[in-house]
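Heads up, the thing below is written out as structure tokens.
The values are calculated or read from the model by the stated rules, or taken from the named source; none is laboratory data. These numbers were taken from a predicted model, which means no experiment stands behind them. As a convention, Cβ positions derive from the backbone with ideal geometry for all residues, glycine included, and neighbour counts pool all protein chains shown. Accessible surface is based on the protein model in full, side chains and every heavy atom, while ligands, DNA and RNA are left aside. Shrake-Rupley method; radii C 1.70, N 1.55, O 1.52, S 1.80 Å.
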Amino acid sequence: MTTSLPSAGGHVLLSGGSRGLGQALVRALLSAGYRVSTFARRSTPFLDSLATEPAAFVGTADMADEASLRAFVAAAGRRFGPPWGLVNCAGVAIDGVLASMAPSDVEKMMSTNLTGAMLLTRLVLRTMLLQRQGGAIVNISSIIASRGYSGLAAYAATKGGMDAMTRALARELGDRGIRVNSIAPGYLETEMTHGLTDQQREMIVRRTPLGRLGRPEDVVGPLLFLLSDAAGFVTGQTLTVDGGTTC
Amino acid sequence: MTETVPQRIHRVFRDVFANRGRRSPELMAESPLDASLGLESLDFAEVVVRLEMEFGVDPFANGVPAGVRRLGDLYRLYA
Ligand SMILES: NC(=O)c1ccc[n+]([C@@H]2O[C@H](COP(=O)([O-])OP(=O)(O)OC[C@H]3O[C@@H](n4cnc5c(N)ncnc54)[C@H](OP(=O)(O)O)[C@@H]3O)[C@@H](O)[C@H]2O)c1
């Protein structure tokens, strides 16, 4: 049997750590004592600020470009050794009814949120398997994967696909001590949801027992839990973090 | 003495068996690359990654190359 590494000090690779949820998660992982490698397509003041952080490694890569992912995984491995943990966080949401959505927007969501996440997972797994120290993968999904929301069909499909991957991989990797779980946040205050109208916001808040939109920080505890040994017997699950919106 | 390509390939297989806590069967060019060898699909995935590290190339990058069924079929792929 493989055992999981003590979490602290382990290398966690997180896609899309430049802003929004990813930024909050990178901060939290660093505070928790992980070494973190992350990338986005463009740098941000936050990513620039990590240049002086010895426990962080920052690069540029595009989820839609496998060669760039490959180069990033290799560079991050040279810096911190092969990742023990992976957080698939990079994502895009483009809303609009499917009938009038540009095919290129459908493709963009599929290639970033789903195909990209799968190819990045594949690359990281290749190094994880050699380590034989187990590992943990957390896929950032969405409540939209399991509930119908008009205008988000393509986005929902990418996140539903991600949850399906979570369950299949949990079975595939269980005997290697690699756990795979999803976190499904509800609406979070990030750039992704800046387009919501006041009316939409009010409706979400009204439907949420805990009475507000989520904040990126709300996802921190669940992520640290799923990565940690405290979740050592948890795999193949989707943990909903939505203030009760979908309960 | 430098190892030959088949010797290097056999060594990679033996490492994977050892890591799985199993004794490697006798490896021969005729050994079939399937479950009867005693390795599971994930073990074969690991073999492929280790062979890439060993030889610096990955002939499996686009799937299993045609005609690869026995250990000996790998020799020419990495030659
Ligand atoms: N906000 C919400 O309400 C909410 C709810 C549930 C789930 N989520 C999920 O949470 C994750 C983060 O969302 P967020 O709200 O933080 O979004 P965000 O503020 O728009 O940030 C998205 C992050 O992903 C990166 N990214 C996007 N496309 C990329 C690509 N092709 N290659 C590499 N990186 C890429 C972005 O950097 P670049 O653009 O520079 O590449 C950025 O770092 C997403 O998976 C999202 O679906 C969000």
Heavy atoms of the protein only, probe of 1.4 Å, neighbouring chains included. What is the accessible area of B:S36 in Å², nearest 10? 90
Tell me what chain A gives for mean residue ellipticity at 222 nm when only DSSP H runs of n ≥ 4 count, each as -39,500 (n - 2.57), the sum divided by the residue total, rounded to 500 deg cm²/dmol. -11500 deg cm²/dmol
Magnitude of the Cβ-charge dipole of segment A:100-247, K/R +1 and D/E -1, about the Cα centre, nearest 20 debye? 380
For A:V87, which sequence-distant residues (separation of 5 or more, or a different chain) have an amide H within less than 5 Å of its own amide H, given hydrogens modelled in the peptide plane? A:L13, A:L14, A:S15, A:V138
Would you mind working out the magnitude of the charge dipole of segment B:5-78 relative to its Cα centre, with +1 at each Lys and Arg C-beta and -1 at each Asp and Glu C-beta, to the nearest 20 Debye? 200
When all protein chains stay in place, what accessible area (Å², nearest 10, 1.4 Å probe) is found for A:T115? 70
Between Rg and the Kirkwood Rh of segment A:18-136, both from Cα atoms, what is the Rg to Rh ratio? 1.00
Compute for chains A and B the buried accessible surface, both sides summed, probe 1.4 Å, and express it in Å² to the nearest 100. 1000
Solvent-accessible area lost in complex, 30 Å² minimum, residues of segment A:111-137 relative to chain alone, 1.4 Å: A:R126, A:L129, A:L130, A:R132
Ratio of the Cα radius of gyration of segment B:5-78 to 2.2 N^0.38 Å, where N counts its residues: 0.99
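What FRET efficiency comes out for the pair A:R132/A:A230, r = Cβ-Cβ distance, R0 = 22 Å, nearest 0.05?
Numbers: r = 22 Å, r/R0 = 1.00.
Calculated value: 0.50.
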Kirkwood hydrodynamic radius of segment A:192-245, from inverse mean 1/r over distinct Cα pairs, in Å: 12.9
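Ordering A:R179, B:R22, A:R27 by accessible area with a probe of 1.4 Å, largest first, what comes out? It would help to have the intermediate numbers written out before the result.
Numbers: A:R179 25, B:R22 85, A:R27 130 Å².
Putting A:R179, B:R22, A:R27 in descending order of accessible area: A:R27, B:R22, A:R179.
Output the direction-averaged projected area (hull surface divided by four) of the convex hull of the alpha-carbon atoms of the protein assembly as shown, in nm². Intermediate results must be reported in sequence, preceding the final value.
Numbers: hull surface 76.4 nm².
Hull-based average projected area comes out at 19.1 nm².
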I'd like the Karplus ³J(HN,Hα) series for segment A:50-55: coefficients 6.51, -1.76, 1.60, θ = phi - 60°, whole numbers in Hz, and an x wherever there's a Gly or Pro. 7, 4, 9, 9, x, 8
How much accessible surface area, in Å² rounded to 10, belongs to the heavy atoms of A:R215 with a 1.4 Å probe? 120
Cα centroid of segment B:1-75 to Cα centroid of segment A:35-91, whole Å: 31
Can you tally the net charge around A:E202? Count Lys and Arg as +1, Asp and Glu as -1, for every other residue whose Cβ sits under 15 Å from the Cβ of A:E202. +2
Step through the residues of segment A:114-121 one at a time and calculate ³J(HN,Hα) from phi using the Karplus curve (6.51 cos²θ - 1.76 cosθ + 1.60, θ = phi - 60°), rounding each to whole Hz and writing x for Gly and Pro. 10, 4, x, 4, 5, 5, 5, 4
What do you reckon, how do A:C89, A:C247 stack up by accessible area (1.4 Å probe), largest on top? A:C247, A:C89
